[in-house]
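J.: Sharing a structure below in structure tokens format, with a few things to ask.
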Amino acid sequence: MLEINQLCKSFTSGSGEKRIILDELDLTVNAAERVAIVGPSGSGKSTLLNLIGALDAPDSGTILLNGESVFSKTEAELAVFRNHSVGFVFQSHHLLPQFSLKENILLPVLAQQRNIDQLVLERADYLMERLGIASLQKQRPSQLSRGECQRTAVARALINRPKILLADEPTGALDQHSADQLVELLLQLNREEKVSLLVVTHAMRVASQMGKIYNLTDGKLLIK
Ligand SMILES: Nc1ncnc2c1ncn2[C@@H]1O[C@H](COP(=O)(O)OP(=O)(O)O)[C@@H](O)[C@H]1O
Ligand SMILES: [Mg+2]
């Protein structure tokens with residue numbers, strides 16, 4: 001489903017020094033698989049997710065999603081790819097404050113089409129129900145708890161039925177109860193919708209719920 005081969009990424013610092021962040025990294029994630037990535041701060045976890053989500057380009061190597069190369073696409077194709085093939089959840093939810101919870105969930109659809117059809121509205125209703133936020137759908141993000149915002153961000157990430165959900169420290173800003181609740185919902189959606197999970201986390205409590213745990217060290221992934 002997701003196949004990464006020999007992925008290299010380096011950054012050049014202000015002083016002109018080149019730092020290798022990802023060094024011939026390989027990773028395969030199968031359909032419906034759950035994978036956690038742990039590793040020290042600064043080891044390149046976010047860099048890796050950003051490359052998979054085509055938010056950044058590698059120095060070399062390949063990333064195939066369903067056999068298709070992410071980096072052979074035009075800008076227009078990339079926009080559709082980002083919107084449909086991958087879902088992103090970050091540590092902070094990035095909801096837009098001026099929109100309601102439901103409007104935030106529909107934003108990825110509104111970004112590409114002016115009219116929202118009935119099936120999409122039903123999908124939003126289903127996800128809100130599933131994530132326990134249906135009764136809050138008219139509220140603005142400022143009126144919601146962090147856990148509720150994060151569950152909204154999950155619904156927004158899944159509205160277009162991506163094959164894989166990329167989550168970068170999704171519970172990092174949550175208390176234990178909200179974190180447990182979020183992880184349980186991610187596991188349920190993984191089972192029900194067969195969406196693969198690739199979760200970067202500091203919390204072993206979260207990582208241990210995934211099927212596989214990799215440690216990102218020295219630019220490579222080692223199974224834990
Ligand atoms: N756009 C960038 N320009 C320069 N350096 C960067 C950039 N993005 C990340 N880095 C550096 O790459 C390293 C890995 O960062 P990151 O992937 O955010 O680590 P992690 O998510 O594991 O904490 C860090 O040293 C960071 O400073
Ligand atoms: Mg990070």
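The values are calculated or read from the model by the stated rules, or taken from the named source; none is laboratory data. All values derive from a computational prediction rather than experimental measurement. Because the Cβ atoms are built from the backbone with ideal geometry, glycine has one as well, and the counts that use them run over all protein chains shown. These area figures cover heavy atoms from the full protein model, side chains too; ligands, DNA and RNA do not enter into them. Shrake-Rupley method; radii C 1.70, N 1.55, O 1.52, S 1.80 Å.
J.: Would you compute, from DSSP H runs of 4+ residues alone, the mean residue ellipticity of the chain at 222 nm, taking -39500 (n - 2.57) per run and dividing by the full residue count, rounded to the nearest 500?
T.: -10000 deg cm²/dmol
J.: With all protein chains present and a 1.4 Å probe, how do Ser46, Ser41, Ser196 order by accessible area, largest first? Don't skip to the end; give the middle numbers.
T.: Numbers: Ser46 55, Ser41 105, Ser196 0 Å².
Sorted by accessible area, descending: Ser41, Ser46, Ser196.
J.: Cβ under 11 Å from Gly44's Cβ, Gly44 left aside: what net charge do those residues give with Lys, Arg +1 and Asp, Glu -1? Please report the intermediate quantities before stating the final value.
T.: Details: positive: Lys9, Arg19, Lys45, Lys220; negative: Asp23, Asp218.
Taking every other residue near Gly44 into account, the sum is +2.
J.: Follow-up question, since we're still on this one. Could you work out the relative contact order of segment 51-119, using alpha carbon pairs under 8 angstrom and six or more residues apart, expressed as a whole percent?
T.: With pairs under 8 Å counted, the relative contact order is 21 percent.
J.: Quick check for you: which residues of segment 39-57 have the amide N under 19 Å from the point 7 Å beyond the Cα of Ser69 toward its beta carbon?
T.: Counting only backbone N, you get 51-57.
J.: Follow-up question, since we're still on this one. Once the Cα atoms of helix 75-84 and of the chain are each reduced to a long axis, what angle between those two axes, in degrees from 0 to 90 to the nearest 10, is obtained?
T.: Once rounded, one gets 60 degrees.
J.: Okay, moving on. State whether segment 142-210 is rounded, prolate or oblate according to the following rule on the C-alpha gyration tensor (a ≥ b ≥ c being the square roots of its eigenvalues): a/c under 1.5 gives rounded; otherwise a/b larger than b/c gives prolate, and the remaining case gives oblate.
T.: oblate
J.: Gain in length, Asn30 to Leu110, computed as 0.36 nm per residue apart minus the alpha-carbon separation, to one decimal in nm? Kindly include the intermediate steps, with their values, before the conclusion.
T.: On the way: separation 80, 0.36 × 80 = 28.80 nm, distance 2.97 nm.
In short, 25.8 nm is gained.
J.: Test of understanding: in a Gaussian network model of the chain with alpha carbons linked when under 10 Å, which of Val29, Val154, Val200 would top the mean-square fluctuation ranking?
T.: Comparing Val29, Val154, Val200 in a Gaussian network model of the chain, the most mobile one is Val29.
J.: Moving to a separate point now. Given a 1.4 Å probe and heavy atoms of the protein chains only, how would you sort Arg146, Arg156, largest accessible area at the top?
T.: Details: Arg146 160, Arg156 40 Å².
Descending order: Arg146, Arg156.
J.: Once the whole set of protein chains is in place, how much accessible area is left on Cys149, using a 1.4 Å probe, in Å² to the nearest 10?
T.: The accessible area of Cys149 comes to roughly 10 Å².
J.: Per residue, how much accessible area does the chain show when a 1.4 Å probe rolls over the protein heavy atoms, in square angstrom? All intermediate terms of the calculation are to be shown ahead of the outcome.
T.: On the way: 10890 Å² over 224 residues.
Using a 1.4 Å probe on heavy atoms only, each residue of the chain averages 49 Å².
J.: Let me ask something else about it. At a 1.4 Å probe radius, which order do His177, His84, His94 fall into by accessible area, largest first?
T.: Numbers: His177 130, His84 75, His94 105 Å².
If we order His177, His84, His94 from most to least accessible, we get His177, His94, His84.
J.: Counting only the heavy atoms of the protein chains, how much of Asp59 is accessible to a 1.4 Å probe, in Å² to the nearest 10?
T.: Near enough 90 Å² of accessible area.
J.: How much FRET efficiency would the formula 1/(1 + (r/R0)^6) give for Gln143 and Leu187, where r is the Cβ-Cβ distance and R0 is 25 Å, rounded to 0.05? Don't jump to the answer; show the numbers that get you there.
T.: On the way: r = 28 Å, r/R0 = 1.10.
Efficiency for this residue pair is about 0.35.
J.: Suppose a student asked you for the relative contact order of segment 150-222, using Cα pairs under 8 Å spaced at least 6 residues apart; what percent would you report?
T.: 32
J.: Something else now. Around Thr28, under 11 Å between beta carbons, what's the net of Lys plus Arg minus Asp minus Glu among the other residues?
T.: Spelling it out: positives minus negatives among the neighbours equals -2.
J.: What FRET efficiency, computed as 1/(1 + (r/R0)^6) with R0 = 30 Å and r the Cβ-Cβ distance, is obtained for Lys224 and Ser135, rounded to the nearest 0.05?
T.: Values: r = 39 Å, r/R0 = 1.31.
It comes to 0.15.
J.: What figure, in Å² to the nearest 10, do you get for the accessible area of Lys220 with a 1.4 Å probe and non-protein molecules left out?
T.: 80
J.: Would you work out what percent of the accessible area of the chain, with all protein chains in place, is carbon or sulfur (probe 1.4 Å)?
T.: Details: 5350 of 10890 Å².
Carbon with sulfur: 49 percent of the solvent-accessible area.
J.: Shifting gears a bit: Under 14 Å from a point placed 7 Å out from the Cα of Ser10 along the Cα-to-Cβ direction: which residues of segment 197-224 have their backbone N that close?
T.: Residues passing the 14 Å test: 219.
J.: Using the basic label-point model (7 angstrom from Cα toward the beta carbon), what is the Leu55 to Glu3 distance in nanometres?
T.: Label at Leu55, label at Glu3, 2.6 nm between them.
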